[in-house]
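Taking it in order: structure first as structure tokens, then the write-up.
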Amino acid sequence: MKKLFAVMLSACMLVGAVSCSDDDKVGGQAGDATLIGLWEVTGEYDDEEGVWDYEFGAQYGYEFVTEFRADGSGCAELTDGSEVQRVDFTYTVEGSTLTVHGDGDPIVQRIDKLTLTELVLSETYQWEGKTYTDLLVCRRVR
């Protein structure tokens, strides 16, 4: 599985921010005060396959964390067994649209939910004439 992560890491990283109060859903305001910190992926939905994957974390040997900094920079780190991959990136937010900049083309995602404890991102794409929307669910570590 882990299809979404492979796309994210190869293109730089897909995570973002919108400022909102406490546990409100994302409005239309831009900012990153709520995002700053460390986030861990807890699940992903692969719309093309129609399945959820919750096998993330140390107990599965597959940890995926992202740190967002106040200056608009960040770092994503994947630990897959004994292999560790790290990617540095920058990001911008406009409304509920996140754009991540790294070595490749910018990645654009929608911030569907951002609270003090949870972040949900979506990416819509076309594949073989059909439209799919994958989801990434994260929890705040700190």
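Can you tell which of PHE64, PHE68, PHE56 is within 16 Å of ARG140 (Cβ to Cβ), among the aromatic types (Phe, Trp, Tyr), over 13 Å from the mean Cα position of the chain (by Cα) and surrounded by 13 or more Cβ atoms within 10 Å (Cβ to Cβ)?
Step by step, each of PHE64, PHE68, PHE56 is checked, and only PHE56 is within 16 Å of ARG140 (Cβ to Cβ), among the aromatic types (Phe, Trp, Tyr), over 13 Å from the mean Cα position of the chain (by Cα) and surrounded by 13 or more Cβ atoms within 10 Å (Cβ to Cβ).
Which condition from (1) surrounded by 13 or more Cβ atoms within 10 Å (Cβ to Cβ); (2) out of contact with any His (no Cβ under 7 Å at 6 or more places or on another chain) is the one that THR124 breaks?
Condition (1) is where THR124 drops out.
Please go through (1) touching a helix residue (DSSP H, G or I) at 6+ places or on another chain (Cβ under 7 Å); (2) free of Cβ contacts under 8 Å to residues at least 24 places away in the same chain; (3) among the acidic types (Asp, Glu) for GLU118 and return the number of the only condition it doesn't satisfy.
(1)
Free of Cβ contacts under 8 Å to residues at least 12 places away in the same chain and either under 28 Å from LYS130 (Cβ atoms) or not basic (Lys, Arg) (or both), is that true of SER82?
yes
When you check THR92 against the structure, is it modelled with pLDDT of 85 or more and more than 25 Å from TRP127 (Cβ to Cβ), yes or no?
yes
Among what's in segment 71-85 and is surrounded by fewer than 16 Cβ atoms within 10 Å (Cβ to Cβ) and charged (D, E, K, R), pick the residue that is farthest from ARG140 (Cα to Cα).
Filtering segment 71-85 for residues that are surrounded by fewer than 16 Cβ atoms within 10 Å (Cβ to Cβ) and charged (D, E, K, R), the one farthest from ARG140 (Cα to Cα) comes out as GLU83.
The values are calculated or read from the model by the stated rules, or taken from the named source; none is laboratory data. These numbers come from a predicted model, not from an experiment. Because the Cβ atoms are built from the backbone with ideal geometry, glycine has one as well, and the counts that use them run over all protein chains shown.
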